[in-house]
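Student: Below you will find the structure I want to go over with you.
The values are calculated or read from the model by the stated rules, or taken from the named source; none is laboratory data. It should be emphasised that the depicted structure is a prediction, and the values quoted were computed from it without experimental measurement. Quick reminder, even Gly has a Cβ in these numbers, built from the backbone with ideal geometry, and neighbours come from all protein chains shown. Surface areas here come from the heavy atoms of the whole protein model, side chains and all, with no ligands, DNA or RNA. Shrake-Rupley method; radii C 1.70, N 1.55, O 1.52, S 1.80 Å.
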Amino acid sequence: MYSAFGIVKPTGRNVWVDGLEDYRAVGAFSFMGRYRLIDFPVSNMSNSGIDCIQVYIKRKPLSLTAHLGSGRHYNINSKRGDLQVLFPENRTEHDLYNTDIDSFFTNIEKIIEMPQEYVVIAPAYMIYKMDYSELVKQHAESGADVSIAYHSVDNANESFLNCNILNLNKQKGVESIVPNQGTAKNKNISMDTYVMKKTMFIDLVNAAHKLSSMYTLRDIVNDVSCTMDVRGIPHRGFFASITDFKSYYDANIALINFKTARELFSTDWPIYTKTNDSCPTQYFQDADVKLSVVSNGCLIEGSVENSIIGRGCEIKKGAVVKNSVILAGAVIGEDVHVENQVVDKRAKLIHVKELVSDPSEPGYIKRGDTI
Amino acid sequence: MKQNEMLAMILAGGRGSRLHDLTNKVAKPAVSYGGKYRIIDFPLSNCANSGIDVVGVLTQYESVLLNSYVAAGRRWGLDAKDSGVYVLPPREKADANLNVYRGTADAISQNIDFIDSYAPEHVLILSGDHIYKMNYAKMLAEHNSHGAAATIAVIEVPKKEASRFGIMNTDETGRIVEFEEKPEHPKSNLASMGIYIFNWKLLRKMLISDMKDPDSSHDFGKDIIPALLAEEKLLHAYKFKGYWKDVGTIDSLWEANMDLLDPNNELDLHDNRWKIYTEDVTTLPQYLGPNANLKQVFLTQGCTVDGEVKNSVLFTGTKVGTGAKVIDSVLMPGVIVEDGATITRALVADGVKIGKNAVVGSADSVEIELIAKKVKGDE
């Protein structure tokens, strides 16, 4: 067993989710009703035996720090383990300068003092299940300097457009890391998940910082891939990347299918989250709910189909919710028809009776809005 | 926080033998209720919400699960400094042999040293097997304003059922003048809820003399309360209005679950101002398949349903297969109903599997059927 600590990266400029991101960091996004995106990397780490975890936040820390708390709900040992939330000290108004390297560099003391030999770096905007202890083992035994997890897809021409591609040679050596331009179907998408020795990581952060104040971890790893041994490690199973509004919506909807969900969730790999102590959900006489994922604490009197309902929502009589993602505490009023929408937290849809968007461009209702 | 003005002791040692197979391996307070709770979550959450910091739980019958369950005081927020849930099974002491708890009062008597260590002004005695929401701080305020030696919570019950309860006869000020255990001809309809506030110094004295009395059954209702009345102490009746249920039988446990389906039910678990806390189980949200059809259902996380469910309460991790039917039933945690099976008017015990196309229970049964063993279906 190799010792490793975990880092959850701040999200880069390739990620912007319209609407939702006005209110919270990407890691704090609600997902599948009861989860937040941060639950996935942190649970992966916890399940992999990594219980010293640093979460870096770039902006809007409130929701995320409230959700992470002491980290006890992630099954992290409260004495030996540690969940740190780190914020860059010298954040500027120019987002170009607020890179992941900048976050790491300003907190380099915190990284140096970690006693573990290896570090696993994962993003908050990608959803997958991965045993990092296997990743570290594979990396350590390969003798590589840096390893990057990747996922082979056959729809890179239309999806994963804000992600990076690993160009690999036959020995899975990384030749370059380039943005996905959507030019071909079959590509190896970088999972933005790295493993290396802590000393190597510190060297790369320092080198990147010296080279350019706009450099990211991807940039420096891309630079060194021609001189160092950088390798790709393939991943199989469910994989989603939330880089914009549409991919957020699509990832939620995709997991309504129970078979798909089973690729991501399994009893031996629990995804932990913070409990809200909501009571069970009540379905009334007029409820008609099918092919949906529902959280606790809801009162449902209307129809719901192919949708995700967050905690403590009310779906009133005659309301119809279709192909939509409803976040916690929202109210869908009597006879309101909602289709292809993301309804943010505590929004109340009461007076406007028809909110239907085109399936290719789902709509968004702001947090706490009354419509 | 300041020193405890009132400490709570929850009596949780009973088996609840009329719950048959449900309490073979767990005590009654640990029986599941309402989709995600155990019955003892109610008094524990009430304590936490009422600002009581220290709770002793007296366990005896099949206490392994109950002991570990309540010891995690964090679930109810009872884990601040100077706060905690203490599991108190009978124990051997330097000056006394290991004795089982001989009655409700004896259970407290054997833990006088525990209570003394907190030196509370008042002690609240609770049952671990009642379902209700109550603010004990309000009860304490009334106890103090009446200058009572002891206060007993009472609830109005229908006159014709009064003979099943311990009945309090009061004067116009609320002072208890007479206590009758299960009277044949009740004079009032104020039933004791088994919830008592005592001044600790007085109760301590009463318990010590009760311990020495060879004729005592060491019971609060039968011995301590009558003794206090005989000494003409001021006993006050605190009138409680709201939902309260003592689930002694399979039928009443089923009924208490069904009560949750009534949109106007007084227990109102959706009320966020008085949450009931419980174990945090890691599960998926509720998954409803393309063939799901739910009418009048209480459903919790970790359930997957692709059949028809009507007028039923389903607990954590239950699965209802395609084309299965669950009607007027209660499915305890982890129950699996395979494709095409039908369950009517039944209470299915924890983890029981109902096989493919099997039929259990019937719509016109007098009593609710308890299914505690696997039912074979088509292979």
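Student: Just to be sure I understand, how many residues within the range B:162-187 are open to solvent by 40 Å² or more (accessible area, probe 1.4 Å) and within 20 Å of the chain's Cα centre (by Cα)?
Tutor: So the answer is 1.
Student: Would you be able to say whether some residue in the range A:117-129 is closer than 17 Å to residue A:52 by Cα, touching a residue at least 24 places away in the same chain (Cβ under 8 Å), in a loop (DSSP other than H, G, I, E, B) and not small (Gly, Ala, Ser)? Give the steps one after another, and end with the answer.
Tutor: Restricting attention to the range A:117-129, the residues satisfying the condition of being closer than 17 Å to residue A:52 by Cα are A:117-124.
Restricting the remaining residues to those that are touching a residue at least 24 places away in the same chain (Cβ under 8 Å) gives A:117-124.
So of that shortlist, the ones also in a loop (DSSP other than H, G, I, E, B) come out as A:117, A:123-124.
Now narrow it down to the ones that are not small (Gly, Ala, Ser): A:117, A:123.
There is at least one residue in the range A:117-129 that is closer than 17 Å to residue A:52 by Cα, touching a residue at least 24 places away in the same chain (Cβ under 8 Å), in a loop (DSSP other than H, G, I, E, B) and not small (Gly, Ala, Ser).
Student: Identify, please: which residue in the range A:302-318 is part of a loop (DSSP other than H, G, I, E, B) and among the small types (Gly, Ala, Ser) and is, among those, farthest from the other protein chains (Cβ to nearest Cβ)? Outline the logic, then answer.
Tutor: The first filter runs over the range A:302-318 and keeps only residues part of a loop (DSSP other than H, G, I, E, B), leaving A:302, A:306-307, A:310-313, A:316-318.
Then drop every residue that is not among the small types (Gly, Ala, Ser), which leaves A:302, A:307, A:310, A:312, A:318.
Numbers: A:302: 12, A:307: 10, A:310: 9, A:312: 8, A:318: 16 Å.
That would be A:318.
Student: Can you confirm whether the range A:326-334 contains a residue that is at the interface with chain B (Cβ under 9 Å from one of its Cβ atoms) and either touching a Cys at 6+ places or on another chain (Cβ under 6 Å) or hydrophobic (A, V, I, L, M, F, W, C) (or both)?
Tutor: Looking only at the range A:326-334, we keep the residues that are at the interface with chain B (Cβ under 9 Å from one of its Cβ atoms), and these are none.
No, the range A:326-334 has no match at all.
Student: Given the conditions (1) touching a residue at least 24 places away in the same chain (Cβ under 8 Å); (2) crowded, with 19+ Cβ neighbours inside 10 Å; (3) touching a Leu at 6+ places or on another chain (Cβ under 8 Å); (4) more than 21 Å from residue A:22 (Cβ to Cβ), report the number of the one that residue A:336 does not fulfil.
Tutor: Tallying (1) touching a residue at least 24 places away in the same chain (Cβ under 8 Å); (2) crowded, with 19+ Cβ neighbours inside 10 Å; (3) touching a Leu at 6+ places or on another chain (Cβ under 8 Å); (4) more than 21 Å from residue A:22 (Cβ to Cβ), residue A:336 fails exactly one: (1).
Student: Go through the range B:145-159 and give me each residue that's assigned to a helix (DSSP H, G or I) and more than 26 Å from the chain's Cα centre (by Cα).
Tutor: Residue satisfying the conditions is B:145 alone.
Student: Identify, from the list B:162, B:107, the residue that is in a helix (DSSP H, G or I), at pLDDT below 95 and touching a His at 6+ places or on another chain (Cβ under 9 Å). Don't jump to the end; show me each part of the working.
Tutor: Numbers: B:162 fails: touching a His at 6+ places or on another chain (Cβ under 9 Å).
Just one listed residue meets the conditions, B:107.
Student: Is it the case that some residue within the range A:277-286 is in a loop (DSSP other than H, G, I, E, B), at the interface with chain B (Cβ under 8 Å from one of its Cβ atoms), in contact with a Phe, Trp or Tyr (Cβ under 8 Å, 6 or more places away or on another chain) and open to solvent by 10 Å² or more (accessible area, probe 1.4 Å)?
Tutor: Yes, the range A:277-286 contains a residue that is in a loop (DSSP other than H, G, I, E, B), at the interface with chain B (Cβ under 8 Å from one of its Cβ atoms), in contact with a Phe, Trp or Tyr (Cβ under 8 Å, 6 or more places away or on another chain) and open to solvent by 10 Å² or more (accessible area, probe 1.4 Å).
Student: Looking at A:231, A:262, which is the one that is part of a strand (DSSP E or B) and either open to solvent by 40 Å² or more (accessible area, probe 1.4 Å) or of a type outside the set (Gly, Ala, Ser) (or both)?
Tutor: It is A:231.
Student: Also: Of all residues in the range B:36-84, which are of a type in the set (Gly, Ala, Ser) and assigned to a helix (DSSP H, G or I)?
Tutor: Within the range B:36-84, B:45, B:48, B:68, B:71, B:73 meet the criteria.
Student: OK, next. What is the number of the single condition among (1) open to solvent by less than 10 Å² (accessible area, probe 1.4 Å); (2) within 14 Å of chain B (Cβ to nearest Cβ); (3) of a type outside the set (Phe, Trp, Tyr) that residue A:70 does not meet?
Tutor: (1)
Student: So, in the range B:230-266, of the ones that are aliphatic (A, V, I, L, M) and open to solvent by 20 Å² or more (accessible area, probe 1.4 Å), which residue ends up farthest from residue B:38 (Cα to Cα)?
Tutor: Per the criteria, the residue is B:230.
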